[in-house]
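Note sheet for the following structure.
No lab work stands behind these numbers, since they all come straight from the coordinates. Worth saying up front: this structure is predicted, and the values here are computed from it rather than measured. Counting neighbours? That spans all protein chains shown, and the Cβs are built from the backbone with ideal geometry, glycine included.
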Amino acid sequence: MKKGKEITIYDLARELKISVATVSRALKDDPVVSKKTKKEFLNLQKKWATEPTILPATFAPRKQIQLDL
């Protein structure tokens, strides 16, 4: 990784040779992700000194329901 470059889930997926969806699940600590994959993911996070951010999730579009009364 180049210094100063923002690390994406695509970078993590490419390095670990896993899907982007699996990286996303690992970030959310989903129980579907195997212990081995979680361990590899955490090791790579430490190596690259990254911390997951929760900000993108806070900007996700939310469903709105309209009730006609």
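List of remarks:
- A cut-off under 12 angstrom between Cβ atoms defines the neighbours of VAL33, and their net charge, with Lys, Arg +1 and Asp, Glu -1, is +3.
- Note on LYS36 and GLU6: the extension gain reaches 8.3 nm, defined as 0.36 nm multiplied by sequence separation minus the Cα-Cα distance.
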